[in-house]
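K.L.:
Dumping the structure here so I can ask a few things about it.
The values are calculated or read from the model by the stated rules, or taken from the named source; none is laboratory data. Small disclaimer: the values here were computed from a predicted structure and weren't measured. Cβ placement follows ideal geometry from the backbone for every residue including glycine, while neighbour counts extend to all protein chains displayed.
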Amino acid sequence: MKWLREWIAIIAVLLAFIERGDAQVIAGTDRAESFRENIYGLGISGGAASGLGVSFRAHFPSLISVQFVGGIIKSSSVLSSSLGAQVQYDLVRGRSTRFFGGMGVSYYYSGESSNDLKGPFRLGLGVGGEFLIQQSLSATLGGMFTYFSDGVIVPLPELSIHYYFR
């Protein structure tokens, strides 16, 4: 029942963004394939399916984007880290928003001398939206059905903020 409340909250946040940006989405001449050069982004990202930490994203002139995420934290004798990647396929792209389908994969480690996590490998499949905050700064919010290597499948959010450059 707790997951239902979390998903209702996520949907409410998405609806708030959609209401604000629905007039800006253009599904015609402003499609991703009309871009003539690669666009790169650096930022932070967090999600069970694609990793937690510093993020690098590349938007290609096609409908495909890739994102690599890695992070590490060490406190006293416990080491926690994650390494992940996500592939995104643009379904709709506008001037300041885009809606995409994505697939993520990651590996999490936490422990002193061995991994204490029961399901360290994760694989996710879902959808998301990216919203331009300022000229080169964007926020991404998505949801993925995440498979953990111990057999658990849970719908979980993916969040990120990126600064873009060419």
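K.L.:
Condition test on Gln67, is it without any contact (Cβ under 8 Å) to a residue 60 or more places away in the chain, within 18 Å of Ser45 (Cα to Cα) and crowded, with 20+ Cβ neighbours inside 10 Å?
P.N.:
Judged against the criteria, Gln67 is not a match.
K.L.:
Looking at (1) of a type outside the set (Ser, Thr, Tyr); (2) modelled with pLDDT under 95; (3) over 14 Å from Tyr164 (Cα atoms), can you tell me which one Ile39 breaks?
P.N.:
(3)
K.L.:
Of (1) more than 23 Å from Arg166 (Cα to Cα); (2) touching a helix residue (DSSP H, G or I) at 6+ places or on another chain (Cβ under 7 Å), Gly119 satisfies all except one. Which?
P.N.:
Of the numbered conditions (1) more than 23 Å from Arg166 (Cα to Cα); (2) touching a helix residue (DSSP H, G or I) at 6+ places or on another chain (Cβ under 7 Å), the odd one out for Gly119 is (2).
Table: residues versus (1) farther than 21 Å from His162 by Cα; (2) modelled with pLDDT of 90 or more; (3) among the hydrophobic types (A, V, I, L, M, F, W, C); (4) touching a Leu at 6+ places or on another chain (Cβ under 7 Å).
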residue: Gly46; (1), (2), (3), (4): no, yes, no, yes
residue: Leu52; (1), (2), (3), (4): no, yes, yes, no
residue: Pro61; (1), (2), (3), (4): no, no, no, no
residue: Phe68; (1), (2), (3), (4): no, yes, yes, no
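K.L.:
Consider Ser75 carefully, then state whether it is of a type in the set (Ser, Thr, Tyr) and surrounded by fewer than 14 Cβ atoms within 10 Å (Cβ to Cβ).
P.N.:
yes
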